[in-house]
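Asks: One structure coming up, written as structure tokens, with questions to follow.
The values are calculated or read from the model by the stated rules, or taken from the named source; none is laboratory data. Fair warning: this is a prediction, and the values are worked out from it, not measured in the lab. Note that we place each Cβ from the backbone using ideal geometry, even for glycine, and neighbour counts take in every protein chain shown. Protein only, heavy atoms only, side chains kept; ligands, DNA and RNA dropped before computing areas. Shrake-Rupley method; radii C 1.70, N 1.55, O 1.52, S 1.80 Å.
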Amino acid sequence: MRKTSGKQTGLIFFPAFDWAISPTHPEREERLLYTRDQIFEEGIIDFPQIAEYTPSLATEHDISRTHFCVPGVREQTTEAHLIASGAAILLAEEVLSGKIKNAFALVRPPGHHSMRVVHGNRGFCNINNEAIMVDYLRRRGAKRVAIVDTDAHHGDGTQDIFWHDPDVLFISFHQDGRTLYPGTGFTYELGGPRAFARTINIPLPPGTTDDSLLYVVDNLILPVLGDFNPDFVVNSAGQDNHYTDPLGSLKISAQGYARLTEKIHPDIAVLEGGYAIETALPYVNMAIVMALAGLDYSGVQEPDYWPGRFKESSGKTKEIRRIVEELLKHWEKRDRVAPGSGNIVGKFYQREKRIYYDTDHIEENQLEKLKLCDHCPGYLTIDSAANRGYNHNKVLCISVPITACSKCCSEAAELYHKSKKTTSYNYVYLQDKAADIFYSFESGSKKERSLER
Amino acid sequence: MYVGVDVGGTYTDAALLDGGRVLATAKVPTRKEELIGSILEAMDNVLENVDKSKLKKIIFSTTMITNLIAERKFDDVDLLLIPGPGLSHAYYKLKPNIHILSGAIDFRGRETVRLNEQEILSTISEIAGKGIRNVGVIGKFSPRNTSHEKYVASIISGKYPEWQIEVGSRIASQLNFPRRVETTYLTCATRAPYRYFINSVRQALEYRKISAEVFILKADGGTLPLEGSEELPVETIFSGPAASTLGVLALAPPGETAVVVDIGGTTTDLALILSGEPLLSSKGAKVMEQFTQVRALAVKSIAVGGDSALKKVGSKISISPNRLGPAFCMGGPAPTPTDALRTLGLSTIGEREKAVEAMAILGESLGMSAVEAARIVTGQVVDMLTAEIDNMFLEWEQEPAYRVWEVLQKHKVRPDIIAGVGGGSEGFVEQIATKMGCAPFIPAHAAVANAIGAAVAMPTMQVSLRADTEQGYYIIKEEAYQEKIRGRSFNEQKALDLAKKSLIEWAARYGLEVKPEEIEVTHQEVFNMIRGWNTSGRLIDVTVQTPRGIAYKVGNGGY
Ligand SMILES: [Zn+2]
Ligand SMILES: [Zn+2]
């Protein structure tokens, strides 16, 4: 643990007042307007406990370390995306280097529904701010990183990206996928064969209140974090658990959020969703900033809230406790579960995935293969085909983990060069995290690009 | 003809200008207990043989209020705060003069908690019991709805008509409750002593039968008519540094990016001019370690000056933030940076032998010669100031940006010139400029650049309007004026028209004529409020102001 006493909380407030998905979309200019009003009027930016930073832009290189953007980073991002992920990187760097004790990237657009391969916008997200930041942190020397996703929607993008990574623990609580987008995040989704229980999903029934949520934190999230002992804790801070959120049905208050933040004690929180722009965001954002900065947040309260306003049925309380029990059992078996033999083909573990991009109406089919290596987590290949109207894109993505062994590195490179010669793919990509170099090859023009530091 | 008078803590400077020519300058000691005398002496010096009927304007700048605040010589004030939910009230109760009232307004100006009349009454009696008659009423989000503040103020004035009452929304209409509290507090506290200053000025002018228009310089480099300034005394804090910055602006070549270095006895003020525009502080003036909502130039005060005492600490020379007296070469008790400059032949102030003696004493204990010691001292001062200048540019570059285009247009800026003003700058400015790779600039009349800056300053006024078409109201912030919006046709253009009209009327009340075509729009923000899939209203914020700048450039032509 880094020394934190006497240090400030870093804040980047980037409301992107000139950026929207579309004029009436929830992800529009107005989203953080009232949050600005509240934070400015409270004057907490003047407090010595808080240091406000200005964001910088993430580079194509930073984004290519995490994503396979099809055809390239420029086609899948706007400047606003680069600023949001750049803000997360900048603050993470400041925390890692010990200049500040923790940080909040209060930025939009959000990112946690963006998966490793990006054909378009899913769930308001194009690129995954936290994942890009985590890959950056690992490059900068952080060995083990934990991500706690507290958005009401399952962080399926982040889950996808770190599914096979034994050194990144992904914990997500969210409203039960049977009742909310994206319809995933069940307790049996536990990570790949070499990263079993490094993914933990906690589906909460609609109507879950502060008390039950904090029960989950105390009895599951904190013990798991304690065992995993990460170098860095990231909070994907969605604010749609709030009792007034128009999309979610959980019953969390600003006070609940403050206590949640205090308990998780993240090194950095990064804003995700939350669209109750007047009734929730100003209060929840204030509460989170204050909790991170160690300021007394007990006075933060929504105008229509009173303690004890929400009660959940005893059935729900029992259900939540049962889920906690079940997940603790999985966690105990974390290093002892072998992959089911049904998915093993030769030296590879493979799975098929269908991904739907709700915003851009794209259907994608993936065949994902993980090299089962005895010396490293193994390289990963994703054969992806996406349809958008009459547009069809077939790409091959090869990802080499940062801790890859030399054999995996050379095998992956060989596969990349071989695949460039076939005509089956529109694009072939090699993401070599070990060397921090990322290649893309367009078959039509036979042009290759490489991105390096 | 214009006269600029800068009433500083140590000296009162005056300059007489005519159409960009400096006709006369003066520098006399400031006698705080007898301000009228000092002002008269400085003015008499420059107005000798001048036909006073040809004087058009006299502009004063003063550090009076700054000094009063620094010395905490001001009136007792009690504050009634209406903070509502949010930051714990414990943070506000740090001072004994704070009273917390129930009630709350939210960010849209909606009442979320009602006032409690009984509580207001008992609080007022408590204050009356303490014998305090000077109060401020400040509510969180009062710029969005002034009714709570006004209601509390009306109860007080109903009960105690003789009390001085100020409401926060009129004094500080930007969003930032703690800064609004501080600004209102300072306004209440400095009103009476400021009146003393204004009356001194008035009397001095009467004695000399001068009937020119009289203005006072504000911290943002604009001026206010003296009469109107009484209501907003805090606007004059830090007008001293604003004066020297305007002076450089008037004396330097146009369009330059300049660092203004004003080296005084124990402090050095640094200010920035970016492509010919003085940089305003993004956070408002900081007074007693507290930010206020006073618009001010971005000035940084560094605790080092020509008279800072030097001493040996360990094997190093240390520059103390204190002044033990004048420089050794001027008959003072201890070696100072001024002695170092004199020793190296970089200045002509004081006796050279005494300066060398001071440096020799300092150097002896460190086993070095007087010249070596002097080099080290000047090097240290230059390093300190250069580092602070770099920081100021860095801070400017890193100012928060809330829009994509603002982030994208950020760029690195380096100064073209380092401009030295005030007495002791000359020797250092050359070295700072060399170190920063730009040109040194010592304007003609550098010693009275502040008085020249005051003389060329122009009146500035601004009006901000916020409209919430869904709630159906707009507020002219500077006047705490709130009005209903009737009909559905209210839009951005109407908001702008209203703001401009209000600016013209407001200026007219101060005897200033503003032409509609010269009004500048400095801030314009419109948000569509979407509820469901429909536009339910618009939030419009506009700020308009009279043009900023200086009346004219001043040539280097002499007397
Ligand atoms: Zn969400
Ligand atoms: Zn391997």
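Asks: Need one value: the accessible area of B:CYS438 in square angstrom, 1.4 angstrom probe, rounded to the nearest 10.
Replies: Probe radius 1.4 Å; accessible area of B:CYS438 about 20 Å².
Asks: To the nearest hundred square angstrom, how large is the accessible surface buried between A and B, total for both chains, probe 1.4 angstrom?
Replies: 3600 Å²
Asks: Can you list the residues, at least 5 places off or on another chain, whose amide H is less than 5 Å from the amide H of B:VAL287, using H built in the peptide plane?
Replies: It is B:THR292, by chain and number.
Asks: Over the Cα atoms, compute the radius of gyration (one decimal) and Dmax (the largest Cα-Cα distance, rounded to a whole number) for the protein assembly as shown, in Å.
Replies: Using the Cα atoms of the protein assembly as shown, the pair Rg, Dmax is 32.8, 107 Å.
Asks: Throw me the Rg/Rh for chain B, computed over C-alpha atoms with Kirkwood Rh, two decimals. Walk me through the numbers before you get to the answer.
Replies: Details: Rg = 25.6 Å, Rh = 25.5 Å.
So for chain B, dividing Rg by the Kirkwood Rh gives 1.00.
Asks: Go ahead and collect, in residue order, the members of the range A:416-453 whose backbone nitrogen is under 15 Å from a label point 7 Å along the Cα-Cβ direction of A:LEU367.
Replies: Counting backbone N atoms under 15 Å from the label point, the list is A:419, A:423-426.
Asks: Just to be sure I understand: if I project the alpha-carbon convex hull of the range B:78-190 onto a plane and average over all orientations, what area do I get in nm²?
Replies: 6.3 nm²
Asks: Another question about this same structure. Any idea how far apart B:ASN534 and B:ARG195 come out in nm if each label point goes 7 Å out from Cα toward Cβ?
Replies: About 5.5 nm, to one decimal.
Asks: Taking amide H positions as placed in the peptide plane 1.01 Å from N, state which residues far from A:ASN121 in sequence (5 or more) or on other chains have amide H under 5 Å from it.
Replies: Excluding prolines and chain starts, which carry no amide H, the hits are A:ASP360.
Asks: Amide H neighbours of A:GLN8 under 5 Å, at least 5 residues apart or on other chains, H built in the peptide plane: list them.
Replies: Long-range HN contacts for A:GLN8: A:LYS101.
Asks: Restricting to the range B:66-196, what percent of DSSP beta bridges are antiparallel, rounded to 5?
Replies: 15 percent
Asks: Let me ask something else. Taking the convex hull of the Cα atoms, report for the range A:279-411 its projected area averaged over all directions, in nm².
Replies: Approximately 15.3 nm², given one-decimal rounding.
Asks: With respect to the cross-link table entries A:LYS7/B:LYS93; A:LYS99/B:LYS316; A:LYS99/B:LYS283; A:LYS7/B:LYS95; B:LYS130/B:LYS150; B:LYS32/B:LYS73, which display a Cα-Cα separation exceeding 18 Å?
Replies: From A:LYS7/B:LYS93; A:LYS99/B:LYS316; A:LYS99/B:LYS283; A:LYS7/B:LYS95; B:LYS130/B:LYS150; B:LYS32/B:LYS73, over 18 Å: A:LYS7/B:LYS93; A:LYS99/B:LYS316; A:LYS99/B:LYS283; A:LYS7/B:LYS95; B:LYS130/B:LYS150.
Asks: Return the loop-located GluC sites (Glu not before Pro) in the range A:368-452 (DSSP other than H, G, I, E, B) with at most 16 other Cβ atoms within 10 Å of their own Cβ; answer none if there are none.
Replies: Loop-located and lightly packed - none at all.
Asks: Let me ask something additional. Using a 1.4 Å probe over the heavy atoms of the protein chains, calculate the carbon and sulfur portion of the accessible area of chain B as a whole percent.
Replies: 50 percent
Asks: Also, quick follow-up: For the range B:284-371, run through the GluC sites (Glu not before Pro) and keep only the ones in DSSP coil with at most 11 other Cβ atoms within 10 Å of their Cβ.
Replies: Those satisfying the criteria are B:GLU289.
Asks: Taking 19 Å as the cut-off for C-alpha to C-alpha distance, list the pairs among A:LYS418/A:LYS447; A:LYS353/A:LYS407; A:LYS394/A:LYS446 that go past it.
Replies: As for pairs spanning more than 19 Å Cα to Cα, those are A:LYS353/A:LYS407.
Asks: Right, something else. By the gyration tensor of its Cα atoms, with a ≥ b ≥ c the square roots of the eigenvalues, what is the shape of the range A:9-332: rounded for a/c under 1.5, prolate for a/b over b/c, or oblate?
Replies: Rounded, since a/c falls under 1.5.
Asks: By what distance, in whole Å, do the Cα atoms of the range B:409-514 stretch along each of the three principal axes, largest value first?
Replies: For the range B:409-514, the Cα extents along the three principal axes come out at 65, 38, 18 Å.
Asks: I've got another one for you. Using only the Cα atoms, what convex hull volume per residue in Å³ does the range B:275-399 have?
Replies: On the way: hull volume 17.7 nm³, N = 125.
Expressed per residue, the convex hull around the Cα atoms of the range B:275-399 is 142 Å³.
Asks: Which trypsin sites (Lys or Arg not before Pro) in the range B:72-111 pass both tests, a DSSP loop state and at most 15 other beta-carbon atoms within 10 Å? Let's see the in-between values first.
Replies: Working: sites: B:ARG72, B:LYS73, B:LYS93, B:ARG108, B:ARG110; in loops: B:ARG72, B:LYS73, B:LYS93, B:ARG108, B:ARG110.
Sites meeting the loop and neighbour criteria: B:ARG72, B:LYS73, B:LYS93, B:ARG110.
Asks: Using 1/(1 + (r/R0)^6) with R0 = 35 angstrom and r between the beta carbons of B:TYR207 and B:GLU505, what's the FRET efficiency to the nearest 0.05?
Replies: 0.50
Asks: A follow-up question, please. What is the range B:377-508's relative contact order, in percent, from Cα pairs under 8 angstrom and six or more apart in sequence?
Replies: 16 percent
Asks: How large is ³J(HN,Hα) for each residue in the range A:234-249, as worked out from phi by the Karplus curve 6.51 cos²θ - 1.76 cosθ + 1.60 (θ = phi - 60°), to whole Hz, x for Gly and Pro?
Replies: Residue by residue, the range A:234-249 yields 10, 10, 7, 9, x, 10, 8, 7, 5, 5, 9, 5, x, 9, x, 10 Hz.
Asks: Could you work out how far apart the two model spin labels at B:ASN391 and B:GLU492 are, taking each label as a point 7 Å from the Cα in the direction of the beta carbon, and quote it in nm?
Replies: So the label points at B:ASN391 and B:GLU492 sit 4.0 nm apart.
Asks: Something else about it: Using alpha carbons only, how many degrees (0 to 90, rounded to 10) separate the axis of helix B:147-159 from the longest principal axis of chain B?
Replies: Around 90 degrees separate the two axes.
Asks: Count, for each residue of B:74-81, the Cβ atoms from other chains sitting within 10 Å of its Cβ, then give me the mean as a whole number.
Replies: 0
Asks: Can I ask one more? How big is D for the range A:138-250, in µm² s⁻¹ as a whole number, if Stokes-Einstein is applied with the Kirkwood radius of its Cα pairs at 10 °C and 1.306 mPa s?
Replies: Answer from the Stokes-Einstein relation: 112 µm²/s.
Asks: Right, something else. Sorted by average packing, counted as other Cβ atoms within 10 angstrom per residue and highest first, what order do A:115-124, B:240-249 take?
Replies: Descending packing order for the listed peptides: B:240-249, A:115-124.
Asks: Can you pull the one-decimal nm distance between simple spin-label points at A:ASP296 and B:GLU364, each 7 Å off the Cα toward Cβ?
Replies: Output for this residue pair reads 5.8 nm.
Asks: With every protein chain left in place, what is the accessible area of A:ILE39 in Å² (1.4 Å probe, nearest 10)?
Replies: 0 Å²
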